[in-house]
Every structure is written in C-alpha cells, then in structure tokens.
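Here's the structure we're looking at; comments come further down.
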Amino acid sequence: MDIQTIDQQYQQLQGEAQQVGQQLQALAGKLQTAAQGGNQDAREWLLDLREVALGVQTEQQQMSQVLQAIHAMWQNQAQQMQAMPAAMQPGYMPQGMMSQNAAMPMQQQGGGIMGALDGFLNSGFGRAMEMGAGMGLGDDLINKIF
C-alpha cells in the first residue's frame, strides 16, 4: 500500500465519520421536534439515540488512538533508522561489493526504507495523526445534537 492510498483511505474514513454525525444530528432533530410536540416515546428514543451517539464517539476516539499509535511507531522507526550507522541500515552494501547494475539500490527505489518512512510521516494522514486529529464526532457535535 502506498502513501497516497493511505491518505485517500484516511480522508474517506473522515468523510464517513462526518456523514454519520450528520445523520445522527438529523435524527436527533426529528426526535426533538416530536418530543416537543408531546410524543412521550420520542423523548425516550432521543435518550437512546444519545447513548448510541456516545458509543460511536467512544469507538471513533479509540480508532484515532490506534491510528496515532501506528503513526508513533513509524515515527520511532524513522528516528531509530536515522540514528543507525549507514552500514547497519537495511539495503546497505559497501562500495567495493556493489556491481555496476546494483549501485545504490536504496536510492534507485526512491529512498528505500527511509524514503518510505519519511513519505508516510509527511503525508496528510501522518500530519493529521501527529497533530492528534481524529475523525470522531467530538464533544461539540454531541452537544449540538442534544
């Protein structure tokens, strides 16, 4: 999986989270209107909807924590690789042992492992995770619904 695909999948996940939030908000609005109109069941359903919304929020917060942990792991790997002497990094081959066709295999592959780590960490997903962004409903949306 490449970095662009990860970014696209993350954006799609964010979009779906927003869509769920909008759907919950719309349903809450209908239930509030019915409750204000005297429907006793609607008030009870509104409380049930609040429980569901809080459950979705908790799930999304956990997903955000998982994604942040994955990002932190990759960031740690990149730092360890940078601190490692070149001779110990994957793909290193001393100059005298390289054939003309195999010279600098890591550079031919777009930077090898370090390039992939750097690309991942500087991707839209990577930057969002570093800032602690999630895709959750958030307290403001829960408060807006109720």
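A few remarks follow.
- Here is the tail figure for the range 1-69: Cα pairs spaced more than 15 Å apart come to 63 percent of all pairs.
- Per-residue ³J(HN,Hα) for the range 74-80, Karplus 6.51 cos²θ - 1.76 cosθ + 1.60, θ = phi - 60°, Hz, x for Gly and Pro: 5, 5, 5, 4, 5, 5, 5
- Hz values of 3J(HN,Hα) by residue in the range 7-19 - Karplus curve (6.51, -1.76, 1.60), Gly and Pro given as x: 4, 5, 5, 5, 5, 5, 4, 4, x, 5, 5, 5, 5
- FRET E, pair Arg50, Gln14, Förster distance 25 Å, beta-carbon r, rounded to 0.05: 0.60
Any read-out appearing in this document is the output of simple, stated calculations on the displayed coordinates, not a laboratory observation. Bear in mind that the values here come from a model prediction, so they are computed numbers and not experimental data. With ideal geometry, Cβ positions are generated from the backbone for all residues, glycine too; neighbour counts draw on all protein chains shown.
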